[in-house]
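**Q** One structure follows; several queries about it will come next.
The values are calculated or read from the model by the stated rules, or taken from the named source; none is laboratory data. Bear in mind the structure is a predicted one, so any value in this text is a computation, not a measurement. Cβ placement follows ideal geometry from the backbone for every residue including glycine, while neighbour counts extend to all protein chains displayed. Accessible surface is based on the protein model in full, side chains and every heavy atom, while ligands, DNA and RNA are left aside. Shrake-Rupley method; radii C 1.70, N 1.55, O 1.52, S 1.80 Å.
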Amino acid sequence: MSAIELEDVTKRYGSFNAVDDLSLQVKEGELLCVLGPSGCGKSTTMRMIGGLERPTEGGVHIAGQEVTQQPPYERDCSIVFQDWALFPHKTILENVAFGLKMDGIDKTERKERARETLEMVQLDGFEDQKPKELSGGQQQRVALARSLIIEPHVLLLDEPLSNLDKRLKEEMQIELKEIHKELDQTMVHVTHDQSEAFTLADRIGIMNNGELVQVGAPPDVYNNPENQFVEEFLGDTNFLEGKVVETTSDGVVAETDLGCHVDIPVKNRKAAPSRGESVSISLRPENMRIRQSKIHNIKADGGDSRCAVGGQVDNVIYRGSMTRLYINTGSRKIFIEQQYDPDNEIEEQQDVVIQWDPERLVAFDGEETQFTAFEK
Ligand SMILES: Nc1ncnc2c1ncn2[C@@H]1O[C@H](COP(=O)(O)OP(=O)(O)O)[C@@H](O)[C@H]1O
Ligand SMILES: [Mg+2]
């Protein structure tokens, strides 16, 4: 049995599909991140799970029970919102104990459990203060404690960390992960920040335009993206535009805007595009290496090996432990990232050869569907 099951759920506002025929199962005890750009339907999906919106079509189940038409208070779940929505005039203890009061739990037990929950989020000692006396990060913890105290079957978190600065955000990500581990709490966490999703998630569900595009463990979605949107959304990359010019025994060869032919291995032969079809190839900056070259002629050095190309370094950008290099291959620019190495400094204007492992590239057909590593 799934903790949450969404079955062909659609939410329409007028003729606009904010969520479009979305099906998803969240496992018991799982931390699932819903990731997607602003406006793609993440909050609407959460609100339908929590009962704040009714789907136009489809069904919502929590812990095996259909709850599609039930109001929020009859559902075994709790939502932490982006703005935390604390009661400004109540103390921290009263804020946290509020849900128990609604459940008719007596005062002594309420206070004791609120104290325990505050300890879990490392806020013991703040019981008598008011929300505005606390920092953003502390208020965020109060909101979390207020949801955790009612021991919901499912905890929904809608961008709860997006108002925090970078360092605090990372601290809270680790803490959320710890709490999840400690409680085995089923959590659905919404974010538009891919690094947050990678830090937290057991599985990531990627949304675009109201649709759930792909669901999988972080390395699966990163290394085997369903389509070009997923590849682009999960991290910076170089997209080469090309056209298939040859079919080989283990894939295809494309002529590309990099100024050279590129080998594209294809695991599932049936998915391979035919000669003349256009393709788009993603070369992630971390999947390329460079070696220094003494030959200035780009075509002569690397141009024919189909997994290397010559170029000249335009810009070197130091980013702490990593260096990003912008390289001009003569027909276009490409960027790569490598560990900073003081013994092997690359300089601007230097001639280099860029190499990559063909097995690490992913490519997309004219419909933007991935065809290199796809298993069907
Ligand atoms: N009550 C509403 N009425 C009309 N349009 C809405 C309403 N709520 C959300 N939308 C629209 O639905 C889309 C998805 O919104 P939302 O789920 O809030 O996106 P996200 O949380 O991913 O940023 C947006 O284009 C938004 O403008
Ligand atoms: Mg939202």
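**Q** Which of the residues spanning region 321-376 are charged (D, E, K, R), over 14 Å from Ser282 (Cα atoms) and under 23 Å from the mean Cα position of the chain (by Cα)?
**A** Arg324, Glu337, Glu367, Glu375
**Q** Would you pick out the residues in region 7-49 that are more than 10 Å from ligand 1 (Cβ to nearest atom), surrounded by fewer than 21 Cβ atoms within 10 Å (Cβ to Cβ) and either closer than 19 Å to Gln65 by Cβ or touching a residue at least 24 places away in the same chain (Cβ under 8 Å) (or both)?
**A** Passing the criteria: Glu7, Asp8, Thr10, Asp20, Asp21, Ser23, Leu24, Gln25, Lys27, Glu28, Gly29, Glu30.
**Q** I would also like to ask the following. What number of residues within region 73-105 satisfy the criterion of being over 26 Å from Gly137 (Cα atoms) and either in contact with a His (Cβ under 8 Å, 6 or more places away or on another chain) or surrounded by 14 or more Cβ atoms within 10 Å (Cβ to Cβ) (or both)?
**A** The number of residues fulfilling the criteria is 3.
A quick yes/no check of all residues on (1) exposed (fewer than 12 other Cβ atoms within 10 Å of the Cβ); (2) modelled with pLDDT under 95; (3) within 24 Å of Tyr222 (Cα to Cα):
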{"site": "Lys267", "(1), (2), (3)": "no, yes, yes"}
{"site": "Glu277", "(1), (2), (3)": "no, no, no"}
{"site": "Ser280", "(1), (2), (3)": "no, no, yes"}
{"site": "Arg289", "(1), (2), (3)": "no, yes, yes"}
{"site": "Gln292", "(1), (2), (3)": "no, yes, no"}
{"site": "Asp314", "(1), (2), (3)": "no, no, no"}
{"site": "Arg319", "(1), (2), (3)": "yes, yes, yes"}
{"site": "Asn344", "(1), (2), (3)": "yes, yes, no"}
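**Q** Please indicate, with yes or no, whether at least one residue in region 246-254 is among the hydrophobic types (A, V, I, L, M, F, W, C), open to solvent by less than 40 Å² (accessible area, probe 1.4 Å), out of contact with any helix residue (DSSP H, G or I) (no Cβ under 7 Å at 6 or more places or on another chain) and in contact (Cβ under 8 Å) with a residue 60 or more places away in the chain.
**A** yes
**Q** For Glu159, state whether it is of a type in the set (Asp, Glu) and within 16 Å of ligand 2 (Cβ to nearest atom).
**A** yes
**Q** Hey, does region 235-242 have a residue that's within 14 Å of the chain's Cα centre (by Cα), open to solvent by less than 20 Å² (accessible area, probe 1.4 Å) and closer than 30 Å to Asp341 by Cβ?
**A** Among the residues of region 235-242, at least one is within 14 Å of the chain's Cα centre (by Cα), open to solvent by less than 20 Å² (accessible area, probe 1.4 Å) and closer than 30 Å to Asp341 by Cβ, which makes the answer yes.
**Q** Here are the criteria: (1) in a loop (DSSP other than H, G, I, E, B); (2) in the same structural domain as Asp76 (by TED's automatic domain parsing). Tell me which single one Gly205 does not satisfy.
**A** Tallying (1) in a loop (DSSP other than H, G, I, E, B); (2) in the same structural domain as Asp76 (by TED's automatic domain parsing), Gly205 fails exactly one: (1).
**Q** State which residue pairs qualify: first residue closer than 15 Å to Pro218 by Cβ and assigned by TED's automatic domain parsing to the domain that holds Gly36 and inside region 184-197, second residue of a type in the set (A, V, I, L, M, F, W, C) and part of a loop (DSSP other than H, G, I, E, B) in any location, beta carbons under 8 Å apart, and separation of 6 or more residues or different chains.
**A** That search, which allows pairs on different chains as well, returns His189/Ala201; Thr191/Leu161; Gln194/Leu234; Glu196/Leu161.
**Q** Quick check: is even one residue across region 233-243 assigned to a helix (DSSP H, G or I) and in contact (Cβ under 8 Å) with a residue 12 or more places away in the chain?
**A** Checking region 233-243: at least one residue is assigned to a helix (DSSP H, G or I) and in contact (Cβ under 8 Å) with a residue 12 or more places away in the chain.
**Q** Condition first: within 25 Å of the chain's Cα centre (by Cα), within 15 Å of ligand 1 (Cβ to nearest atom) and over 23 Å from Asn208 (Cα atoms). Can you find one or more residues in region 66-84 that meet it?
**A** yes
**Q** Scan region 180-202 residue by residue and report those that are touching a Gly at 6+ places or on another chain (Cβ under 8 Å) and either in a strand (DSSP E or B) or farther than 15 Å from Leu234 by Cβ (or both).
**A** Within region 180-202, Asp184, Gln185, Thr186 meet the criteria.
**Q** Only one residue in Val221, Val213, Val188 is of a type in the set (Val, Ile, Thr) and within 16 Å of ligand 2 (Cβ to nearest atom). Which one?
**A** Result of the check over Val221, Val213, Val188: Val188.
**Q** Criterion first (at pLDDT 95 or above, within 21 Å of Ala363 (Cα to Cα) and open to solvent by 40 Å² or more (accessible area, probe 1.4 Å)) does Ser331 satisfy it? I'd like the intermediate steps shown before the answer.
**A** On the way: at pLDDT 95 or above: no; within 21 Å of Ala363 (Cα to Cα): yes; open to solvent by 40 Å² or more (accessible area, probe 1.4 Å): yes.
Considered against the rule, which asks whether it is at pLDDT 95 or above, within 21 Å of Ala363 (Cα to Cα) and open to solvent by 40 Å² or more (accessible area, probe 1.4 Å), Ser331 comes out as no.
**Q** Take region 89-104 and flag every residue that is at pLDDT 95 or above and part of a loop (DSSP other than H, G, I, E, B).
**A** Within region 89-104, His89, Lys90, Thr91 meet the criteria.
**Q** Across region 161-181, which residue is farthest from Cys40 (Cα to Cα) among those that are open to solvent by 50 Å² or more (accessible area, probe 1.4 Å) and touching a residue at least 60 places away in the same chain (Cβ under 8 Å)? Outline the logic, then answer.
**A** Restricting attention to region 161-181, the residues satisfying the condition of being open to solvent by 50 Å² or more (accessible area, probe 1.4 Å) are 163, 165-167, 170-171, 174, 177-178, 181.
With the extra rule that they be touching a residue at least 60 places away in the same chain (Cβ under 8 Å), the set shrinks to 163, 177.
Values: Asn163: 19, Lys177: 25 Å.
The extreme case among them is Lys177.
**Q** So in region 184-221, with the set limited to residues that are among the hydrophobic types (A, V, I, L, M, F, W, C) and open to solvent by 50 Å² or more (accessible area, probe 1.4 Å), which one is farthest from Ser162 (Cα to Cα)?
**A** Result: Val215.
**Q** Enumerate the pairs (first residue in region 53-76 and part of a loop (DSSP other than H, G, I, E, B); second residue anywhere and among the aliphatic types (A, V, I, L, M) and open to solvent by less than 40 Å² (accessible area, probe 1.4 Å)) with beta-carbon separation below 6 Å, excluding pairs fewer than 6 apart on the same chain, so at least 6 apart or on different chains.
**A** So the pair list comes out as Pro55/Val9; Pro55/Met48; Val67/Val60; Thr68/Val60; Arg75/Ile62; Arg75/Val67; Asp76/Ile62.
**Q** Given the options Thr117, Thr108, name the one that is more than 16 Å from ligand 1 (Cβ to nearest atom) and exposed (fewer than 13 other Cβ atoms within 10 Å of the Cβ).
**A** On the way: Thr117 fails: exposed (fewer than 13 other Cβ atoms within 10 Å of the Cβ).
Residue meeting the stated conditions: Thr108.
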